[in-house]
Structures are given as structure tokens and as C-alpha cells.
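A short worksheet on the structure shown next.
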Amino acid sequence: MATFIINQDVTTDTPTVEVTIDPKNPLPAGRHRFRLIVVDDSGNASAGDEVTVIIADIDAPTAVLNAPSIVGTGKSFNLDGSKSFDIGGGKVTKFIFTYLGPNLVITPIPVPFPNPIPIPRPIPTPIITPVTTPVFTTGVSPTPQPLT
Ligand SMILES: [Ca+2]
């Protein structure tokens with residue numbers, strides 16, 4: 001018994017584990033992925049192996065659609081719903097295929113960086129020089145100096 005939380009490891013020393021479901025908080029119907037990594041007695045870890053489990057509605061049937069992932073331009077191909085099932089014991093009697101249009105590449109809208117927080121800068125202190133009155137000395141030279 002183990003409660004699984006997305007991306008949180010459940011480590012055991014046994015090869016099987018129960019995915020215990022709280023009836024008040026069940027996994028929603030749809031595909032759910034699980035991964036196993038094993039570690040040997042030398043501490044070497046394996047690559048991960050993943051499986052997809054389809055959680056199915058008990059009353060309504062479950063659609064399972066398979067198709068080739070790559071088809072050449074201009075080529076016809078099959079959509080295959082034969083793996084669809086009705087877990088409640090009924091039988092799937094009708095297959096409703098719908099073309100949903102091209103798979104659009106969603107480009108995330110660039111989020112502008114928030115305005116940088118203004119860094120308080122010190123207000124420059126003005127350099128105040130004291131006002132001084134220049135002092136001049138005036139007078140008459142006693143002897144004229146020759147011009148050079
Ligand atoms: Ca049914």
C-alpha cells in the first residue's frame with residue numbers, strides 16, 4: 001500500500017507495490033504515467049521504465065485511439081479505436097471520430113522582466129567652496145622694465 005504523489009518516489013525492497021487510492025480523492029479518469037527505476041546491490045541505478053495506466057469510468061466506455069505518429073504528405077492513414085473498451089461489462093457499439101485541426105505550436109507569451117527595483121543612490125553633495133575675495137596688489141614699479 002502506498003500513496004503516490006506526482007514526482008515523489010515510493011521506494012520499496014519488494015518488486016510490487018499497491019497504488020492505494022483514496023476514494024474521496026481518486027485519480028481522475030484518463031491516462032496516468034508511472035515509472036520504475038531499480039537499484040542493484042552495488043548501488044547502480046537503472047534507466048527508468050515507464051507505463052501508462054488508463055483510469056476508466058465504470059459506467060461509460062473508455063475510448064482508446066491509436067494512429068501512426070508520422071504519415072507521409074499526401075498519404076491516407078487509419079485511425080484505430082479497436083482498443084476502446086467498456087469496463088462495466090457493456091460493449092462499445094459506436095465510434096465517433098473527429099478531426100480537430102492542426103496541432104498548433106503554442107509559443108509562450110514572453111513575460112517582460114519586472115521593472116528593476118530602483119536602487120537608492122546617494123544624492124551627490126555639492127562641493128561648496130567658500131567665496132573669497134581675490135586680493136590684488138597694485139602699485140607702480142619703481143623702475144620701468146625693458147620690453148623684451
Ligand atoms: Ca458501460
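Computed from the coordinates by the stated procedures, all read-outs in this text should not be read as laboratory data. Here the structure is a predicted model, which means the values were calculated and not measured. Using ideal geometry, Cβ is built from the backbone for each residue, glycine included, and neighbour counts are taken over all protein chains shown.
Mind checking whether some residue in the stretch 43-55 is of a type outside the set (Asp, Glu) and within 16 Å of the ligand (Cβ to nearest atom)?
Our first condition is that a residue be of a type outside the set (Asp, Glu); within the stretch 43-55, this holds for 43-48, 51-55.
Cutting the leftovers down to within 16 Å of the ligand (Cβ to nearest atom) gives us 54-55.
For the stretch 43-55, residues of a type outside the set (Asp, Glu) and within 16 Å of the ligand (Cβ to nearest atom): present.
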Completion exercise
Among the residues of the stretch 56-104, the number that are assigned to a strand (DSSP E or B), among the aromatic types (Phe, Trp, Tyr) and more than 10 Å from the ligand (Cβ to nearest atom) is 0
Exercise for the section: Could you look through the stretch 21-36, keep only residues that are surrounded by 10 or more Cβ atoms within 10 Å (Cβ to Cβ) and free of Cβ contacts under 8 Å to residues at least 24 places away in the same chain, and pick out the one that is nearest to PHE85 (Cα to Cα)? Expected result: HIS32
Exercise for the section: Six or more apart or on different chains, Cβ under 9 Å: which pairs go from a residue in the stretch 1-12 that's among the acidic types (Asp, Glu) to one that's surrounded by 10 or more Cβ atoms within 10 Å (Cβ to Cβ)? Could you list them? Expected result: ASP9/ILE37
